[in-house]
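Coordinate-derived values only; no laboratory data. Nothing here was measured: the structure is a model prediction, and the numbers come from that model. In this analysis, Cβ positions are derived from the backbone assuming ideal geometry, glycine residues included, and neighbour counts consider all displayed protein chains.
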4 protein chains.
Amino acid sequence: MLDFNTIINNIHSDLKNEVVKGVVASYIPELSKQDVNHFGIFMQHMDGRTFMAGDANVPFSIQSISKVLTLSKAIAFEDNNLWTRVDVEPSGNPFNHLSLLELENGIPRNPLINAGAIVVADILCTQFKNPKADFLQYVRDISNDQSINYNYKVAASEKLTGYNNYAAANLLKSFGNLHNDVEVVLDFYFHQCALEMTCAQVAKAFYVFANSGKCVNNKQHVTVSQAKRINAIMLTCGFYDESGEFAFEVGLPGKSGVGGGIVALLPNKFVITTWSPGLNAKGNSLIGMQALEQFTTQTNLSIF
Amino acid sequence: MLDFNTIINNIHSDLKNEVVKGVVASYIPELSKQDVNHFGIFMQHMDGRTFMAGDANVPFSIQSISKVLTLSKAIAFEDNNLWTRVDVEPSGNPFNHLSLLELENGIPRNPLINAGAIVVADILCTQFKNPKADFLQYVRDISNDQSINYNYKVAASEKLTGYNNYAAANLLKSFGNLHNDVEVVLDFYFHQCALEMTCAQVAKAFYVFANSGKCVNNKQHVTVSQAKRINAIMLTCGFYDESGEFAFEVGLPGKSGVGGGIVALLPNKFVITTWSPGLNAKGNSLIGMQALEQFTTQTNLSIF
Amino acid sequence: MLDFNTIINNIHSDLKNEVVKGVVASYIPELSKQDVNHFGIFMQHMDGRTFMAGDANVPFSIQSISKVLTLSKAIAFEDNNLWTRVDVEPSGNPFNHLSLLELENGIPRNPLINAGAIVVADILCTQFKNPKADFLQYVRDISNDQSINYNYKVAASEKLTGYNNYAAANLLKSFGNLHNDVEVVLDFYFHQCALEMTCAQVAKAFYVFANSGKCVNNKQHVTVSQAKRINAIMLTCGFYDESGEFAFEVGLPGKSGVGGGIVALLPNKFVITTWSPGLNAKGNSLIGMQALEQFTTQTNLSIF
Amino acid sequence: MLDFNTIINNIHSDLKNEVVKGVVASYIPELSKQDVNHFGIFMQHMDGRTFMAGDANVPFSIQSISKVLTLSKAIAFEDNNLWTRVDVEPSGNPFNHLSLLELENGIPRNPLINAGAIVVADILCTQFKNPKADFLQYVRDISNDQSINYNYKVAASEKLTGYNNYAAANLLKSFGNLHNDVEVVLDFYFHQCALEMTCAQVAKAFYVFANSGKCVNNKQHVTVSQAKRINAIMLTCGFYDESGEFAFEVGLPGKSGVGGGIVALLPNKFVITTWSPGLNAKGNSLIGMQALEQFTTQTNLSIF
């Protein structure tokens, strides 16, 4: 039987002293202050056991990891209607993300690229009565943790430099694929990205997707079929232009964020979260990618 | 000797009854109210003679024609420094104008596409003390006509639906190629586009470029060399994705606007303006293009 | 316990009378002669059981399904060296497949698009002594069936109209990413695509990838890790611009061909092959996609 | 009155000792043998005078300059029917020339990019009885010089490394926009590019376009209107991605070739040819561009 405790702690020990740790994201001023030496791992097994190493209980900015959480709520609200406004195909290459939006008439390639997540945010702005408060409550509920909160300084910082997201939102608006005001949607979007959670909290939140839609409290948040589809989207689109590489090297559905977090899961088996703020050239946590690669190599656990 | 009066009036008579007149621009609500049957021609010869037909003295929204006027002032301010922020190459294809901006790191292909004109507007916002008032005064001066003004309703209308321009401005901002606030620059930009002028006034204004930089009052506004370069840019970039076609069919430097105006000129010989609000599929005045084609065919006057 | 026999036969009965069956591929003259009414399903379970319905033993042109077979042999030869010449990312959009090759300096996005498969064919032309004969023997061996053969008329037909593949091969050559002559590589490539196999034979061949690299005769053809990676590539890249959709709707690694075949597999569980020659707008078998979707919905078997 | 002799000789003296001369084209092995120090200028005035400096009578490989000559013959054969198979718009950017061909369904952007010139070559292969011999005779006739010939070694060298042109021709074929065999058309195309001419001979050949379609022997080869249109295409498309720059800096219709030649003309006034084999980053002769820029600056002669 696999000794997850030893495996995780060995990986942590091996990698924490790596000299090359990647570069902390600098385009959001608040994020650039992160210490590159943070490194945490948390594993939530479906059988109830948990394993951890390092800074697994230090909160970090989850950034794009939040896109899976908003997606899950939008799917719960809209089910397949959602797919008239956003596609489910990988985004291809990084050279022209707005171009693809132009070529495809304002339908984002998938809900995990920025443009797609902005459409999802727009849907939540329509469906929720108090979007920011209601979404926060949803995250707290699925994570079974009422202490989770937005970091308002990070949200404000993102807004100040979020020109690219303003460009995407306005382009969506020009195609009629944004129903609420640009400012309203982006205010929500900047807050969802500024959610602050620990590795442990993220693992609890994503337990829903590994557990056929039921959270740790056994409440059904999305259907079995919806949970599978969210996992499929994570696998094909979760790591920007490195999604194929991640499927190839790690072999698990997952999602990364520029705050340095990565969450991955094996349906019905476990969720694992890593956090190390240094990023590789494609915007994914350098040490986190290596940790997950080692984990699936050593445990031989993957969906393939 | 050419009888311009007869030529222009014959062209006007022939075309004014054309059944297929193109489609009035609808994306700016205020512009969509234009009567498609308006049709004016005005020719200003360098020898002082003027010729006209139809609605040559009815004001219309000059829209993108204004981009040449702002460009001329930016060149007067910055001379060749301008070209570090915007290129002078034709824009290629219409499928991906924002994509090109991404591929080329925020340097617009030329100053006559929207993104390039927004950079030019940004320069004027920096250089002018009171950008909107000062630019209006410049236009009045080169046209020798103090009655020219903005149509504030059109400007407000453009702002309300200008999502694509907001997308472009924010994308420029994300690349560091917009120095003033997006709102400030676009407010200026929407006003310049909302300038209202008659065919006669536009011809007077563009007299500067046909006359080696000197306006009708003989004042030098741009240098001889700058005037030539502005003409070169009009020839290669003045008609969106139909620039090659216009050079090929008409053979004159010129600029069109979605208000239905077109201005073209033969250096040291004449300026000619047409206005007919119906547009062809590429966004240029359908009847205006035909009028200018017939004019250069009948007079055999072109730069080639 | 799931009654695969009933499930498969019910799906076959339901779908065989569908009026809308898609369009038989016409760009290869020989393929266009196929009867759109063919429809077969074959399931090979890892426990040794097999299930079938309809034309499961009628041979068809496997076309792009062959790309997984050549890939597996190239990986066996080159292991990770292969990835210096071809990437593993989804290809994004269909508008510009040669463009991506240009943008990315002759490195195809993945081995399952044509350009990537041509690079893989080039590797086999270098590694095999008698490429066509040796590759055929490999396919016969992993399928445990010495009767499998090329359809030489189809190969000749593809060559006559394969201009797009000639374009891709020459573009690769211009980037130095094709080591053998264009003619040599494409001759091999057109033959691999012209392999003729039944649903049953394809299922036997792909048993290798579902069975950690061991074929039905228990011989190890690729390593456990290589088999997983091949499955990962099928999942992210196996269905052209519909790969995300297939992962989303079906949730299995798989590969389609324009001959109308589709093969999909659940590691350590089963392989399933369908064949129906009518294609949807994205070039995948219309009825086959529906059959697999129904199969995973009814059995609740997917990697997610 | 301008002293062309002094101006041309001064420009030649100034530039011949420039240290930075650009890089000789290396992708065609035969061309890479050129001495970078060659530098010639030849001016043919419409009034019959000629002026020259340096290597004006040394033959060089005219390469893409030949595209204007084939275009002129295709226009003579087909007139406006030509434009159903090739467009007249500038090609935009260099990143994706084959992509544009894909996006625009096999219609090249203009006849001066490779794909467009290959379509033009295809037309001549259909119209001429003995394409290579007949085209050579046409060039000799318009130049009034029976000594002009192909360099067969260069033609063979281009064929050996012309993978990119094979890619373009096959892509055109896949869209049905190439009527003759790829090999036949490219054999013709590689020979036209391998024409060897001196600055003086090129200037004589292009006299046709400056002289309203009549060659030095006063024979009409294209109509007045066709000559104008060829000039318009040279101005908007003659210098790849530097066409706008050339129009902006030089202000004359012209065409460059990777052999280091450039020809430019002012209608009804003169033709001027330069040759210096070193190229700038965009593939145009570095010293030649500077020479023409100085020439139009000093003489103040341009179409603008």
| trypsin sites (Lys or Arg not before Pro) restricted to region A:49-85 and DSSP loop, no more than 15 other C-beta within 10 Å | A:Arg49
| note | Dividing the mean separation of Cα pairs under 8 Å (6+ apart) by the residue count of chain A yields a relative contact order in percent of 27
| task | Report, in whole Å, the centroid distance computed from the Cα atoms of region A:104-134 and region A:163-222. | result | 7
| remark: In whole percents, the bins of 10 Å from zero upward hold the Cα-Cα pairs of region C:42-186 as 10, 37, 33, 17, 3
| query | Which whole-number percent gives the relative contact order of region B:128-247, counting Cα pairs below 8 Å spaced six or more residues apart? | reply | 25
| Charge-dipole axis of region C:179-268 as Lys and Arg at +1 and Asp and Glu at -1 on Cβ define it, positive-most pick from C:Phe246, C:Val202, C:Val222 | C:Val222
| About its Cα centre, what dipole magnitude does region D:143-271 give when the only charges are +1 on Lys and Arg Cβ and -1 on Asp and Glu Cβ, stated in debye to the nearest 20? | 540
| field | Choice from B:Gln44, B:Gln127, B:Gln63 showing the highest fluctuation, given a GNM over chain B with Cα pairs closer than 10 Å | value | B:Gln127
| remark: Inter-chain shielding metric for B:171-182, i.e. average beta-carbon neighbours from other chains within 10 angstrom, reads 3
| note | From the cross-link list C:Lys16/C:Lys214; C:Lys153/D:Lys173; B:Lys33/B:Lys204; C:Lys33/C:Lys219; D:Lys153/D:Lys269; B:Lys153/B:Lys282, the entries with a Cα-Cα span beyond 29 Å are C:Lys16/C:Lys214; C:Lys33/C:Lys219; D:Lys153/D:Lys269
| query | Where the label is 7 Å out from Cα toward Cβ, how close does B:Thr223 come to the same position in every other copy, in nm, shortest first? | reply | 4.3, 6.7, 7.2
| task | About the Cα centre of chain D, how large is the charge dipole given +1 on each Lys and Arg Cβ and -1 on each Asp and Glu Cβ? Please answer in debye to the nearest 20. | result | 540
| Suppose every K and R has +1 on its Cβ and every D and E has -1 on its Cβ; what is the size of the dipole of the protein assembly as shown about the Cα centre, in Debye to the nearest 20? | 0
| note | Honestly region C:4-68 on the Cα gyration tensor test (a ≥ b ≥ c root eigenvalues; a/c under 1.5 rounded, otherwise a/b vs b/c for prolate or oblate) is just oblate
| said: So, R0 is 60 Å and r is the distance between the beta-carbons of D:Met1 and C:Thr126; what FRET efficiency does that work out to, to 0.05? | reply: 0.30
| How about A:Lys132: which aspartates and glutamates have a C-alpha closer than 13 Å to its C-alpha, ignoring those fewer than 8 places off in the same chain? | A:Asp122, A:Asp187
| query | Amide H to amide H under 5 Å from B:Leu279: which residues, 5+ apart in sequence or cross-chain, H placed 1.01 Å off N in plane? | reply | B:Val23, B:Val24, B:Ala25, B:Leu286
| query | Going by the alpha-carbon gyration tensor, a ≥ b ≥ c the square roots of its eigenvalues, is region B:247-292 rounded (a/c under 1.5) or, if a/c is not under 1.5, prolate (a/b greater than b/c) versus oblate? | reply | prolate
| query | How would you classify region B:112-200 from its alpha-carbon gyration tensor, with a ≥ b ≥ c the square roots of the eigenvalues: rounded for a/c under 1.5, else prolate if a/b is greater than b/c, otherwise oblate? | reply | prolate
| task | Kindly give Rg over Rh for chain C, based on alpha-carbon atoms, with the Kirkwood expression for the hydrodynamic radius. | result | 0.94
| note | Per the Cα gyration tensor, the protein assembly as shown corresponds to an equivalent ellipsoid with semi-axes, largest first in Å, of 56, 39, 27
| Ranked highest first by average number of other Cβ atoms within 10 Å, how do D:252-261, C:174-183 line up? | D:252-261, C:174-183
